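S.K.: Structure provided below as structure tokens; questions to follow.
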Amino acid sequence: MAHDDPAPDMRRLACLDWLRFLVVPTLAPFHAALSYTGYGVVYVYDTPVGDAVLAGHGLQGHFGPDALRLFTVFMDNAFMHLLFLVAGMGTAQSLRTRSAASFIAERARRLMLPFGLVLLLVIPVQG
């Protein structure tokens, strides 16, 4: 091992980066699909789903194309769990190289700006 290489337990895990690379881009299509299938609770439903909700029938029916429903169910049961696994493993790996306070401060800096923008610009439009 060269002198400038980090210790084996301090290196980034490439498999986590690849899993994150594969899972994160599926989040927007998954959440968009919820409004066409009736699965989940969302602000805006596609017309047939919205009509059933407004008529008081609930979401007992199967809405949307079969492929979209299968995609949504698969994503909910597989990829969302994988996303949380990757996030937890990444957090554990990160906490090996820094303090909890440093980790929380870095997360707050990275997440509070997007959270604030969504809170001010997106949620009022959805409501």
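The values are calculated or read from the model by the stated rules, or taken from the named source; none is laboratory data. These numbers were taken from a predicted model, which means no experiment stands behind them. Reconstructed Cβ throughout: ideal geometry from the backbone, glycine too, with neighbour counts over all protein chains shown.
S.K.: Does segment 104-125 contain at least one residue that is within 22 Å of F30 (Cβ to Cβ) and small (G, A, S)?
M.R.: Checking segment 104-125: not a single residue is within 22 Å of F30 (Cβ to Cβ) and small (G, A, S).
S.K.: Please go through segment 52-101 and give me each residue that is modelled with pLDDT under 85, farther than 19 Å from A33 by Cβ and assigned to a helix (DSSP H, G or I), ordered by number.
M.R.: L54
S.K.: Considering only residues that are hydrophobic (A, V, I, L, M, F, W, C) and modelled with pLDDT under 75, look in segment 6-47 and name the one that is farthest from P65 (Cα to Cα).
M.R.: Just the residues of segment 6-47 that are hydrophobic (A, V, I, L, M, F, W, C), to begin with: 7, 10, 13-16, 18-19, 21-24, 27-28, 30, 32-34, 41-42, 44.
Restricting the remaining residues to those that are modelled with pLDDT under 75 gives 7, 10, 41-42, 44.
Values: A7: 50, M10: 46, V41: 18, V42: 18, V44: 17 Å.
Among residues in segment 6-47 that are hydrophobic (A, V, I, L, M, F, W, C) and modelled with pLDDT under 75, the one farthest from P65 (Cα to Cα) is A7.
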